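*Asks:* Sending over a structure as C-alpha cells; questions will come in a sec.
The values are calculated or read from the model by the stated rules, or taken from the named source; none is laboratory data. Small disclaimer: the values here were computed from a predicted structure and weren't measured. All Cβ positions, glycine included, derive from the backbone under ideal geometry; neighbour counts span all protein chains shown. Heads up: the accessible areas ignore ligands, DNA and RNA and are worked out on the full protein's heavy atoms, side chains in. Shrake-Rupley method; radii C 1.70, N 1.55, O 1.52, S 1.80 Å.
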Amino acid sequence: MKKALSAQFLASVLQEQLDTSDQWRPSAALEMLRRRAELLAAVRQFFDRRGFLEVDTPAISADTVVDRHIEPFSTGVPAEVGKPPRRLWLQTSPEFAMKRLLAAGAEAIYQICRVFRLGERGPLHNPEFTMVEWYRRGDSYQQGMSLLAELAEETLGRGRAERIAYAEAFERYAGVDPHRAPIAELREAARGHGITWPESMEADDDRDAWLDLLLTGCVQPNLGVDRPAIVYDYPAGQCALAQVREGDPPAAERFELFVDGIELANGYHELRDPNELRRRNQRINRLRRAEGKNTLPERSRLLRAMDSGLPECTGVAMGFDRLLMVAAGATTIEQVIPFPFERA
Amino acid sequence: MATYNTSEFRKGLKVQIDGDPYLMIQCDFVKPGKGQALYKCKLKNLIRNTVLDRTYKSGDSIEAADIEEIEAQFLYRQQDQFVFMCTESYEQYELTADQVDENWKYLKEGMVCSILLFNNRPITITPPNHVVLRVEYCEPGVRGNTATNVTKPVRVETGGEFQCPVFVEIGDLIRIDTRTGEYIERVKE
C-alpha cells in the first residue's frame with residue numbers, strides 16, 4: 001500500500017528539533033573525552049620531542065586570513081576617545097600571528113588552539129573547533145609533507161602516508177584532468193558520477209567550484225582508505241597562501257592529508273612575497289564582493305612582517321577533532337567534542 | 001515572498017519548489033576546508049510522497065511553504081469528494097480521492113483525522129493510528145478455528161477490504177492499524 005506522508009512523520013521530524021530537555025548533557029561519551037586528552041598529549045609529545053616550541057597567539061585580532069570561502073566571526077569594539085571603533089576578528093586559523101613569530105626569528109613552533117568559522121556545521125564541522133598548527137623555518141615543500149606523514153603515522157598507527165598528486169587523484173577517481181579539462185567536461189564527469197550540483201553553479205564560470213564538487217563527490221571518498229594519503233600540487237587558483245611553482249600547468253605548493261575520505265590537514269610551502277599576498281587579497285575581496293559577501297581587511301601586520309622578511313618555511317593546519325574522529329572511528333564531530341554549537 | 005537562506009537550512013524545513021510543498025528530511029553540510037560550502041538536501045514532496053535530491057551552495061535560497069496541520073472530522077463522501085470539518089474553526093475542507101489515497105478505507109463518519117494544509121488548501125490526511133470498523137461481509141468462518149495465520153478477505157462498513165483471521169464474522173467489530181493496513185484484534189461492543 002502506498003502510504004501517504006503521515007502527520008506523525010512530520011511531527012517526528014519537527015520533534016527532533018524541539019527536544020531540548022537533554023541539551024545540558026555532553027554529546028561525547030566520557031570515555032571519548034579521555035581519548036581526546038590522550039591524543040592531545042600525544043600530539044604535544046610529537047612536537048616537543050622534535051624541539052618545537054608551543055606558542056599561544058591571540059584568538060581575537062585586528063587581522064584575519066582573507067579567504068574566499070571562510071567566514072570569520074567578528075566583533076565591534078567601542079571607540080576609545082579620539083579613535084574610531086574597531087572591528088576585531090575571531091581567528092579562523094592562527095596562521096598570521098604564527099608567521100609573524102617566524103618573521104621575528106622563531107625556528108619551529110606549534111600551537112593547539114580554538115578557531116572559529118561562521119556557519120560551518122555538519123557531521124564534520126563545528127563553528128568552533130580545535131586546530132593544531134605548526135611551522136618550521138627552512139622546511140621545503142617535501143620536508144613539510146614528510147613531517148605531516150610522520151605525525152599521521154605516529155598518532156594514527158595506520159602506516160606512512162602515500163603521496164598522490166592532485167591531478168593523479170582526479171584522473172584516477174574522477175576520470176578528468178583537473179588542470180586542463182574545460183568546465184563542460186568537469187560537469188559531465190560530475191553527472192557521470194551521479195553527483196548533483198546547485199543550479200546556481202551553472203551560471204558561474206567558477207572552475208574551482210566544479211573541482212571542489214568532484215573532489216568531495218567522487219575523489220575524496222577514495223583517499224586514505226588503506227593508509228593516510230597526502231594530496232599535493234593543487235591548481236594555482238586554489239593556492240591560498242602557498243607558493244605557486246611556475247610550469248605548465250603551474251602548481252600551488254599546497255598539500256592536504258586525507259584519512260578514510262576525511263580531510264584532516266592543509267599545508268603550504270609558504271608564500272613569502274608580500275606584494276603577491278597583496279594581489280591575492282585584492283583578488284579574493286573582488287570575488288567576495290561579487291558574491292555579495294563582506295570584504296575582509298587587506299592590510300595586516302602579517303604583510304608588515306613579510307615586508308621585513310619571512311624565512312623559507314612550510315606550515316600545516318590540522319583539524320584536531322577530525323584527527324580524533326579518525327583515530328577513534330567516530331562518525332560525527334559531536335561524538336568527539338563535549339558540547340557542539342547547539343549545546344554550547 | 002518569504003525564503004530560507006542556506007544558513008537556515010535544517011531538517012524539518014517546509015519549502016516550496018516549482019509550486020509543490022516539500023519537507024526537508026535531510027541536509028548534509030559538505031565543505032572542503034578552503035572550498036565552497038554545499039548543502040546536500042533530500043526533500044520530500046508532501047503531495048506526491050516522492051523524494052528529491054537537491055544541492056545548494058551558500059547564498060542560495062528556497063521559497064518557504066505555508067504548511068499547517070489541523071484536526072478535522074470526517075463528515076461525508078460525495079462521489080470523489082471527501083468532506084471534513086476543522087474541529088477548531090468549523091471550516092469545511094474538501095479532499096479529492098487522490099489526496100485521500102488509500103485512507104478512504106478507514107474513514108467513518110465523525111472520525112477525527114489530521115489534515116495537512118498547504119497555502120490553506122488540504123493536501124493529505126492521516127487517520128488515527130487505530131480504527132474500529134464493522135464487518136459488513138465475509139465468507140462464513142470455520143467454527144472453532146482460532147488460528148490467526150490463516151486469513152480471508154473481509155469487507156467493512158466503509159467498503160474497504162482487509163485480510164482477517166478466518167474466525168471473523170459478519171457484524172464483528174475489528175481494529176485495524178492504519179499505518180500498516182493490518183488487522184489487530186476483534187473488539188467487543
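*Asks:* Does A:Leu211 meet the test of being facing another protein chain (nearest Cβ under 9 Å) and crowded, with 21+ Cβ neighbours inside 10 Å?
*Replies:* Yes: the conditions hold for A:Leu211.
*Asks:* From the list B:Glu109, B:Glu102, B:Glu94, B:Glu88, exactly one residue is out of contact with any helix residue (DSSP H, G or I) (no Cβ under 8 Å at 6 or more places or on another chain), under 28 Å from B:Glu161 (Cα atoms), more than 14 Å from every other protein chain (Cβ to nearest Cβ) and not in a strand (DSSP E or B). Which is it?
*Replies:* Result: B:Glu109 is the single residue among B:Glu109, B:Glu102, B:Glu94, B:Glu88 that is out of contact with any helix residue (DSSP H, G or I) (no Cβ under 8 Å at 6 or more places or on another chain), under 28 Å from B:Glu161 (Cα atoms), more than 14 Å from every other protein chain (Cβ to nearest Cβ) and not in a strand (DSSP E or B).
*Asks:* Still on this structure, I have one more. Mind checking which helices (runs of 4 or more DSSP H) fall wholly inside region A:252-338 and carry at least 3 residues that are more than 19 Å from the chain's Cα centre (by Cα)?
*Replies:* A:274-290, A:301-308
*Asks:* Give me the strands (runs of 3 or more DSSP E) completely within region A:38-141, filtered to those with at least 2 residues that are within 16 Å of the chain's Cα centre (by Cα) and among the charged types (D, E, K, R), ordered by residue number.
*Replies:* A:128-137
*Asks:* Could you say which residue among A:Gly159, A:Gly217 is touching a helix residue (DSSP H, G or I) at 6+ places or on another chain (Cβ under 7 Å), surrounded by fewer than 14 Cβ atoms within 10 Å (Cβ to Cβ) and either outside any loop (DSSP other than H, G, I, E, B) or in contact (Cβ under 8 Å) with a residue 40 or more places away in the chain (or both)?
*Replies:* Among A:Gly159, A:Gly217, only A:Gly159 is touching a helix residue (DSSP H, G or I) at 6+ places or on another chain (Cβ under 7 Å), surrounded by fewer than 14 Cβ atoms within 10 Å (Cβ to Cβ) and either outside any loop (DSSP other than H, G, I, E, B) or in contact (Cβ under 8 Å) with a residue 40 or more places away in the chain (or both).
*Asks:* Among the residues of region A:224-240 satisfying the criterion of being within 12 Å of another protein chain (Cβ to nearest Cβ) and either among the aliphatic types (A, V, I, L, M) or assigned to a helix (DSSP H, G or I) (or both), which is least open to solvent (accessible area, probe 1.4 Å)? Give the steps one after another, and end with the answer.
*Replies:* Step one: of region A:224-240, the residues within 12 Å of another protein chain (Cβ to nearest Cβ) are A:231, A:234-235, A:237-240.
Pick out the ones that are also either among the aliphatic types (A, V, I, L, M) or assigned to a helix (DSSP H, G or I) (or both) and you get A:231, A:237-238, A:240.
Numbers: A:Val231: 4, A:Gly237: 39, A:Gln238: 24, A:Ala240: 26 Å².
Out of the qualifying residues, it is A:Val231.
*Asks:* Okay, moving on. Restricting attention to region A:115-139, which residues are in contact with a Ser or Thr (Cβ under 6 Å, 6 or more places away or on another chain) and either polar (S, T, N, Q) or surrounded by fewer than 20 Cβ atoms within 10 Å (Cβ to Cβ) (or both)?
*Replies:* Within region A:115-139, A:Gly119, A:Pro123 qualify.
*Asks:* Shifting gears a bit: Quick one: which residue in B:Tyr39, B:Tyr90 is of a type in the set (Phe, Trp, Tyr) and on the phi > 0 side of the Ramachandran plot? I'd like the intermediate steps shown before the answer.
*Replies:* Working: B:Tyr39 fails: on the phi > 0 side of the Ramachandran plot.
Answer to the selection: B:Tyr90.
*Asks:* Check region B:86-95 and report whether any residue there is of a type in the set (Ser, Thr, Tyr) and in contact with a Phe, Trp or Tyr (Cβ under 6 Å, 6 or more places away or on another chain).
*Replies:* Scanning region B:86-95 turns up at least one residue that is of a type in the set (Ser, Thr, Tyr) and in contact with a Phe, Trp or Tyr (Cβ under 6 Å, 6 or more places away or on another chain).
*Asks:* Does A:Glu188 meet the test of being closer than 21 Å to A:Ser146 by Cα, out of contact with any Cys (no Cβ under 7 Å at 6 or more places or on another chain) and more than 14 Å from chain B (Cβ to nearest Cβ)?
*Replies:* On the way: closer than 21 Å to A:Ser146 by Cα: no; out of contact with any Cys (no Cβ under 7 Å at 6 or more places or on another chain): yes; more than 14 Å from chain B (Cβ to nearest Cβ): yes.
No.
*Asks:* Any chance you could count how many residues in region B:41-62 are more than 9 Å from chain A (Cβ to nearest Cβ), surrounded by fewer than 15 Cβ atoms within 10 Å (Cβ to Cβ) and assigned to a strand (DSSP E or B)?
*Replies:* 1
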